[in-house]
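Have a look at the structure below before the remarks.
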Amino acid sequence: MPDDRRNPYRQFTPELIGDYLRTRKVMSAELFSLGKNNTNYKLKLSDGDVCVLRLYANSRARREVYLVEFAAGLVPVPEELYRGTDWAIFSFIEGQCLAELPEYTGIAAEMINRLSSRTFRSAGDINPDGTVSAFPFGGIGDYIYQQLTTMAVRDWLGEKRTEEVFEIVAKNAPLYRELESHACLVHGDFNPTNILIKNNQVSGILDWEYCHSGTPYMDLGNLLRHTPRKYHHDIELALVVSNNGLVEDWVRRSRMIDLTSQLEFLTSSRSDDFKCQCVGRINRFINDFSIVR
């Protein structure tokens with residue numbers, strides 16, 4: 001298994017997608033290395049077509065395909081071309097990753113506005129039939145408390161830092177309850193590596209497996225975490241222009257919800273080097289929001 005992945009790469013064999021290929025042949029299969037969970041290949045076929053084969057680490061292809069189609073009316077997404085039990089083929093979208101073009105962070109933030117305009121009756125996981133199931137862990141605060149009691153998190157943070165996070169979360173319990181009440185369409189992994197830019201516009205948003213109904217501050221927190229600070233003002237401008245009901249402490253809210261991701265990473269199979277980065281982010285979180293300064 002590679003050092004910093006949740007699951008090993010799956011090997012590609014043309015026989016797997018024989019029903020899609022029919023008489024065509026695969027001329028080349030290029031592995032995309034950015035994803036951490038599933039395996040993605042850019043395929044060039046003998047008839048000139050170019051597509052992306054997504055090999056899932058689980059059998060949730062049907063759910064992600066539904067979510068991509070659901071989001072298609074709001075933001076640019078790849079088109080499903082074919083699907084198997086644990087794989088799907090999507091159209092290939094041209095563009096460079098936002099990670100390479102951070103100056104377009106503002107227009108990426110506009111995509112969060114579009115997504116959050118679609119609301120549900122409650123927060124939770126979105127099923128392939130369009131229904132929403134409550135999160136198995138309860139609310140956001142419940143999830144944080146559960147993570148803080150795991151041995152993996154306590155080993156990485158130590159007792160002192162763990163207790164400091166407990167205190168900050170308890171102090172901000174009303175805010176977390178408010179965030180729990182949000183039921184908007186959330187991408188769930190709004191990482192600049194999943195956002196493509198072409199001709200000064202967002203050309204595609206990829207990887208929808210973590211999409212759910214919840215608070216848009218999760219996507220904002222992810223975007224803040226992965227973009228240079230000098231572009232954060234562009235995010236704020238995009239939110240203001242779109243009349244998104246921006247609140248003054250939007251950065252604080254985004255970082256409060258992003259804590260959930262940092263804690264989850266510490267319990268994952270990601271590399272130790274990556275987890276050290278997470279601990280560093282949690283340290284900054286403690287320094288910025290600690291009760292005792």
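The values are calculated or read from the model by the stated rules, or taken from the named source; none is laboratory data. Since the model is a prediction, treat every value here as computed from it, not as a measurement. Don't worry about glycine lacking a Cβ; one is built from the backbone with ideal geometry, like all the others, and counts go over all protein chains shown.
Observations, loosely collected:
- Every residue from the stretch 76-91 that is over 14 Å from V202 (Cα atoms), part of a loop (DSSP other than H, G, I, E, B) and either at pLDDT 95 or above or not assigned by TED's automatic domain parsing to the domain that holds Y20 (or both): E79
- Residue identified as over 18 Å from the mean Cα position of the chain (by Cα), assigned to a helix (DSSP H, G or I) and within 25 Å of L239 (Cβ to Cβ) among E103, E110: E103
- Which numbered condition E178 misses (of (1) closer than 19 Å to R281 by Cβ; (2) free of Cβ contacts under 8 Å to residues at least 40 places away in the same chain; (3) acidic (D, E)): (1)
- Pairs linking a residue in the stretch 91-105 that is touching a residue at least 40 places away in the same chain (Cβ under 8 Å) to a residue that is assigned to a loop (DSSP other than H, G, I, E, B) and surrounded by fewer than 16 Cβ atoms within 10 Å (Cβ to Cβ), with Cβ atoms under 6 Å and 6 or more positions apart or on different chains, are S91/E79; P102/P228.
- For E69, the test of being part of a loop (DSSP other than H, G, I, E, B), charged (D, E, K, R) and surrounded by fewer than 17 Cβ atoms within 10 Å (Cβ to Cβ) is failed.
- Odd one out for G48 among (1) surrounded by fewer than 11 Cβ atoms within 10 Å (Cβ to Cβ); (2) at pLDDT below 95: (2)
- Of all residues in the stretch 128-141, those satisfying the criterion of being modelled with pLDDT of 95 or more and out of contact with any Phe, Trp or Tyr (no Cβ under 8 Å at 6 or more places or on another chain) are T131, S133, A134.
- Residue check, T193 under 19 Å from F285 (Cβ atoms) and among the hydroxyl-bearing types (S, T, Y): no
- For S203, the conditions (1) surrounded by 18 or more Cβ atoms within 10 Å (Cβ to Cβ); (2) in a strand (DSSP E or B); (3) not β-branched (V, I, T) all hold with the exception of (1).
- Among the helices (runs of 4 or more DSSP H) confined to the stretch 206-293, the ones with at least 2 residues that are at pLDDT 95 or above are located at 217-226, 250-266, 272-289.
- R118 vs. criteria touching a Gly at 6+ places or on another chain (Cβ under 9 Å), in the same structural domain as G221 (by TED's automatic domain parsing) and of a type in the set (K, R): yes
Yes/no per residue for (1) among the β-branched types (V, I, T); (2) in contact with a helix residue (DSSP H, G or I) (Cβ under 8 Å, 6 or more places away or on another chain):
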{"position": "P8", "(1), (2)": "no, no"}
{"position": "E15", "(1), (2)": "no, no"}
{"position": "D19", "(1), (2)": "no, no"}
{"position": "M27", "(1), (2)": "no, no"}
{"position": "L31", "(1), (2)": "no, no"}
{"position": "T39", "(1), (2)": "yes, no"}
{"position": "D47", "(1), (2)": "no, no"}
{"position": "A57", "(1), (2)": "no, no"}
{"position": "W87", "(1), (2)": "no, yes"}
